[in-house]
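I have placed the structure first, in the form of structure tokens, so that the comments after it can refer back to it.
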Amino acid sequence: MLLPARRVRTAQRDSTIQLVRTHRPQSGRPSGIVRNGPSPGPLRTDLGKGSSMERSDRPGSTLPRRHLGRALREAREGVGFTLEQAAREMEMSKTALIRLEKGHNEKVKLRDVEGFGRLYELDDTHIEDLKELAQQAATKSWWNETRRLFRGGFTTYLRLESVASHLSTFQPSIIPGLLQSLEYTRAVEGPFFSEDTQEDLERRIALRIRRAAILTRRNSPASAEFLVHESALHTRAGSASVMSAQLRHMADMSTLSNVSVRILPFAAGFPGKWNPVLPYIILDFPERSREFRDEPPVVYTETTTGSMFFESAADLRIYREIHETLRHATLDEQRSRDLLRQIARRYTS
């Protein structure tokens, strides 16, 4: 078979990429940029102690760069190119390509990203996503517009969540997604975009429910601590029976050895100096994962119109401090579980 993607250097190195057909080195086609990733491996018990925060904070290594590198590597493997073959086709050294795929480049050229995209037979949408990543590659704080959150090609947070070993979550107004029941999700997940179809809506609902599998899978389930404000328990989504079932589901999930659910009561007021605190998730990654052992922790936050990723050591320290402050103000796990079941009974009494 033939590939429509070999790039040839021209006299003007910044000129439009010239494409020349060449033979595919192996059979197979790309299966998409974002995949679920490997199993996260054994859980760590030293979270928040400082060792993981400095892990892989290499100069030039940022979340967009690492995500870009993984996407390019997966696309390369999807079409059957070896490192040597891809580097040769792009007239690049193997070492340079390894650095690009590991996210260690100081600078990423858009023309190189487009060239790799064409070489790997990616569609125009995926190539544009990769080029946008390349443009954001130098930042330790990364804004992600909401319009991109549900696109099939680039769901960065979902990718990171699927391979995380531990999640530390605070949610002040709604039940955290990983703890939501199907009917609660249906009640809160409405049409988001003007062009949304019923099929789009059902796809998002199914995705949200599938995500919870990271907590219940048999091999190396992720551990998670959920701090939830009491107001989320009283904010009705759907019918009273839906809310009752949702709170019972939360209480049941909290009995898992790898899941902690703690309620921040109204009486706690605004603990700490960082107020108000918006929703956030701190993601830690497994040290023994081949692919993610060098991935530093990341903080993911959401607003009405988008989301933000933070990975600098300073930002991580602030969010860990916030989490510990909130945690100390919550009810313990048993009292939280009792409160969940008590309010669940009120909904149906």
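Please work out the average accessible area per residue across the stretch 158-215, using the 1.4 Å probe convention, and give it in Å².
42 Å²
Check each of the trypsin sites (Lys or Arg not before Pro) in the stretch 64-122 and keep only those in coil by DSSP with at most 10 other C-beta atoms within 10 angstrom; list them in order.
Within the stretch 64-122, the qualifying trypsin sites (Lys or Arg not before Pro) (loop, at most 10 other Cβ atoms within 10 Å) are Lys107.
Keeping all protein chains in place, calculate the accessible area per residue for the stretch 308-349 (probe 1.4 angstrom), answer in Å².
About 53 Å² of surface per residue is accessible.
Report the equivalent ellipsoid semi-axes for the stretch 195-312 in whole Å, largest first, defined as the square roots of five times the eigenvalues of the gyration tensor built from alpha carbon atoms.
25, 22, 19
Of the accessible area of the stretch 278-349, with the probe set at 1.4 angstrom, what percent is carbon plus sulfur?
Carbon and sulfur: 47 percent of the exposed surface of the stretch 278-349.
How would the stretch 183-261 be classified by its alpha-carbon gyration tensor: rounded, prolate or oblate, with rounded meaning a/c under 1.5 and the a/b versus b/c comparison settling the rest?
Here the stretch 183-261 falls in the oblate category.
Counting only protein chains, not ligands or nucleic acids, how are Ile98, Ile175 ordered by accessible area (probe 1.4 Å), most first?
Solvent-accessible surface, decreasing: Ile98, Ile175.
Using a Cα-Cα cut-off of under 18 Å, which aspartates and glutamates could be cross-linked to Lys109, ignoring same-chain neighbours fewer than 8 residues away?
Asp14, Glu89, Glu91, Glu101, Asp124, Glu128, Asp129, Glu132
Loop-only check: which trypsin sites (Lys or Arg not before Pro) in the stretch 186-261 are DSSP coil with at most 16 other Cβ within 10 angstrom?
Arg217, Arg218, Arg236
DSSP loop (so not H, G, I, E, B), at most 11 other Cβ within 10 Å: list which GluC sites (Glu not before Pro) in the stretch 194-237 pass both filters.
For GluC sites (Glu not before Pro) across the stretch 194-237 that sit outside H, G, I, E and B with at most 11 neighbouring Cβ atoms in 10 Å, the list reads Glu195.
The values are calculated or read from the model by the stated rules, or taken from the named source; none is laboratory data. All of these numbers come straight from a predicted model, not from anything done at the bench. So basically every Cβ, Gly included, is an ideal-geometry build from the backbone, and we count neighbours across all protein chains shown. With ligands, DNA and RNA removed, areas are computed over all heavy atoms of the protein, side chains included. Shrake-Rupley method; radii C 1.70, N 1.55, O 1.52, S 1.80 Å.
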